[in-house]
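The block underneath contains the structure these notes are about, expressed in structure tokens.
Bear in mind that the values in this text are calculations on the coordinates, not laboratory data. Since we're looking at a predicted model, the values are computed, not measured. Note that each Cβ is placed from the backbone with ideal geometry, even for glycine, and that neighbours are counted across all protein chains shown.
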Amino acid sequence: MTSVLFVCLGNICRSPLAEGVFRHTVEQAGHGGRVLIDSAGIGNWHRGNPPDPRSVEVAALNGIDISNLRARQVERHDFDRFDLILAMDRDNLASLRRMSGPDQTARIRLFLERPARDVPDPYYGGADGFQDVYGLVKSGCLDLLEELRLV
Ligand code: 4NP
């Protein structure tokens, strides 16, 4: 089974949305249960909290329920447990590289890598920022589905 961990700064805006959208995308493609999908944050500030209401809303508008997800911090074990760890922006990627050890097995890269671009942090902005994040996440998830040969 393939395993994928989405990582952003707080694990309440971007990465839980990516987790929910990718799970939905995989299920729609008929491969539900074939991929282990999770998300986590670089920081620990929101541990145990549900996703930001604006992420919950944009997901719900697209038929996806992420309200039951709860934030957690990236932990050492994640670097051995997941095949692929996807950073939502370059800052998150740099943090992940600093946290990783020499003998880890996970491949770490930017979520949107062709072309390489950040999913911008929408936390301090308005609702339109969350719409933009959704669009980027959706398109990245479709690419990922193809990359993992789950189409
Ligand atoms: P996320 O957004 O990394 O997409 O979950 C953020 C959420 C919270 C904070 C920053 C970014 N914060 O500073 O608390």
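Quick notes
- Within-11-Å neighbourhood charge of Cys141 [Cβ basis; K, R +1; D, E -1]: -2
- Fewest-first ranking of Asp80, Asp121, Asp52, using other Cβ atoms within 10 Å as the exposure measure: Asp80, Asp121, Asp52
- With one equal scatterer per alpha carbon and no solvent term, the Debye-computed log10 I(q)/I(0) for the chain at 0.10 1/Å reads -0.30.
- Placing +1 on the Cβ of every Lys and Arg and -1 on the Cβ of every Asp and Glu, with no other charges, gives the chain a dipole of roughly 280 debye about its Cα centre.
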